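**Student:** Handing you a structure now.
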Amino acid sequence: MLQKPNSAYFHIPFCSHICYYCDFAKVLMTGQPIDAYIESLIEEFQSFEIEKLRTIYIGGGTPSVLSAQQLERLLTAIAEQLDLEVLEEFTVEANPGDLSDEVIKVLADSAVNRISLGVQTFNDALLKKIGRTHTETQVYDSVERLKKAGFENITIDLIYALPGQTMEMVKSDVEKFLELKLPHVALYSLILEDHTVFMNRQRRGLLRLPSEDKNADMYEYIMDILAKKGYNHYEVSNFGLPGFESKHNITYWDNEEYYGIGAGASGYLAGIRYKNLGPVHHYLKAAPTEKRINEEVLSKKSQIEEEMFLGLRKKSGVLVEKFENKFKCSFEKLYGEQITELINQKLLYNDRQRIHMTDKGFELGNNVFEKFLLDDINF
């Protein structure tokens, strides 16, 4: 009997506005059948007959745009089906601009024990430039009210290498994060994605971004200062105080399976990666067990490549013995030459039992990852 996944992701696709860099499955909430969507989300969850989960993540979109009543309905339905004794981490994403007292109370009265705030930057001028509608003041206010409600495990997202952003602005963002005394932060370099306002501007020559060298300087500064402040750089873009690493996201980087629930959600079950129907109305029309599209049965080659790409994102890297037990093949035979080359380039540590990247490797991650692409091999 196949072991069921220990993690589930729930997708809330509704937003009060669309940020200029975002390519996630989302839709403006005005006029949307949100109540019907919540019921359909619950039906899909119930169709899996899940009894135990170790981690849950509700993301978006913007989950905090739900009314207190809608959010309570969803959280209650999830909790009623699960053994909460084994649930270790339950994260909900929120936007500082729409995190009301009523929503915070619902979160505090539920099984939720981790909040992820989409801050992106503390600079009000930059916030406007990237299409965000909250302010620096609202960030401080949201954090204060969450702490007052009893939340200790609060993380924020920050983006660097934004249009017009200077090193001084990045230093200011990191300093203000540290002043909040939060246990976790995710710092992402801006990536231009298709079908976004920023990509359209870039193609028209209207976007002024920091150079690659400046981007690297920003990343080096972030790694250095957070390490000095006691934060564990446990994944390429994630930093946490000991014990506050994101257990749910580690599920992805460990290449473990998980449920993806909701319109546009991705999941990984029984060796199959899948994506749900995206448009909300299409999702609502489909039966709970008929919402998947784009199912892909992963070949052994693809599974091995994913194991390396995802595992190397972690500071702890990939354990060779675990890899060989999982895939029943010799790691040295597959990757011995590549490992030697990358060690000589100081992109990997000289540790043949555990393959993990140096700080330089983290900076040049794509250069490392491409070395683990396999030619067609007869396994």
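The values are calculated or read from the model by the stated rules, or taken from the named source; none is laboratory data. Nothing here was measured: the structure is a model prediction, and the numbers come from that model. Cβ placement follows ideal geometry from the backbone for every residue including glycine, while neighbour counts extend to all protein chains displayed.
**Student:** Counting only residues that are on the phi > 0 side of the Ramachandran plot and out of contact with any strand residue (DSSP E or B) (no Cβ under 7 Å at 6 or more places or on another chain), how many does the stretch 224-280 have?
**Tutor:** Qualifying residue count for the region: 4.
**Student:** Restricting attention to the stretch 59-74, does a residue exist that is polar (S, T, N, Q), more than 25 Å from Phe244 (Cβ to Cβ) and in a loop (DSSP other than H, G, I, E, B)?
**Tutor:** yes
**Student:** Related question: Does any residue of the stretch 132-143 turn out to be touching a Pro at 6+ places or on another chain (Cβ under 8 Å), modelled with pLDDT under 95 and part of a helix (DSSP H, G or I)?
**Tutor:** no
**Student:** Could you list, in sequence order, all residues of the stretch 332-378 that are under 26 Å from the mean Cα position of the chain (by Cα), hydrophobic (A, V, I, L, M, F, W, C) and assigned to a loop (DSSP other than H, G, I, E, B)?
**Tutor:** Those that are under 26 Å from the mean Cα position of the chain (by Cα), hydrophobic (A, V, I, L, M, F, W, C) and assigned to a loop (DSSP other than H, G, I, E, B): Leu347, Leu364, Leu373.
**Student:** List the helices (runs of 4 or more DSSP H) inside the stretch 151-253, counting only whole elements, that have at least 1 residues being of a type in the set (S, T, N, Q) and over 20 Å from the mean Cα position of the chain (by Cα).
**Tutor:** Once the helices (runs of 4 or more DSSP H) in the stretch 151-253 are filtered for at least 1 residues that are of a type in the set (S, T, N, Q) and over 20 Å from the mean Cα position of the chain (by Cα), what remains is 167-180, 197-203, 212-228.
**Student:** I'd like the full set of residues that are in contact (Cβ under 8 Å) with a residue 24 or more places away in the chain and either loosely packed, with under 14 Cβ neighbours inside 10 Å or over 13 Å from Ser316 (Cα atoms) (or both), limited to the stretch 362-374.
**Tutor:** If the condition is that a residue be in contact (Cβ under 8 Å) with a residue 24 or more places away in the chain and either loosely packed, with under 14 Cβ neighbours inside 10 Å or over 13 Å from Ser316 (Cα atoms) (or both), then Glu363, Gly365, Val368, Phe369, Lys371, Phe372, Leu373, Leu374 are the ones that fit.
**Student:** Would the stretch 208-223 turn up any residue that is surrounded by 15 or more Cβ atoms within 10 Å (Cβ to Cβ), under 24 Å from Tyr57 (Cα atoms), modelled with pLDDT of 95 or more and out of contact with any strand residue (DSSP E or B) (no Cβ under 6 Å at 6 or more places or on another chain)?
**Tutor:** Among the residues of the stretch 208-223, not one is surrounded by 15 or more Cβ atoms within 10 Å (Cβ to Cβ), under 24 Å from Tyr57 (Cα atoms), modelled with pLDDT of 95 or more and out of contact with any strand residue (DSSP E or B) (no Cβ under 6 Å at 6 or more places or on another chain), which makes the answer no.
**Student:** Quick one: in the stretch 55-107, of everything that is in contact with a strand residue (DSSP E or B) (Cβ under 8 Å, 6 or more places away or on another chain) and of a type in the set (Asp, Glu), which residue is surrounded by the fewest Cβ atoms within 10 Å (Cβ to Cβ)?
**Tutor:** Step by step, filter the stretch 55-107, then rank; the result is Glu88.
**Student:** On the basis of being without any contact (Cβ under 8 Å) to a residue 60 or more places away in the chain and hydroxyl-bearing (Ser, Thr, Tyr), does Tyr274 make the cut?
**Tutor:** Yes, satisfied.
**Student:** I've got another one for you. Against the condition modelled with pLDDT under 95 and more than 18 Å from Ala227 (Cβ to Cβ), how does Glu193 come out, does it pass?
**Tutor:** Yes; evaluated as a whole, the condition is true for this residue.
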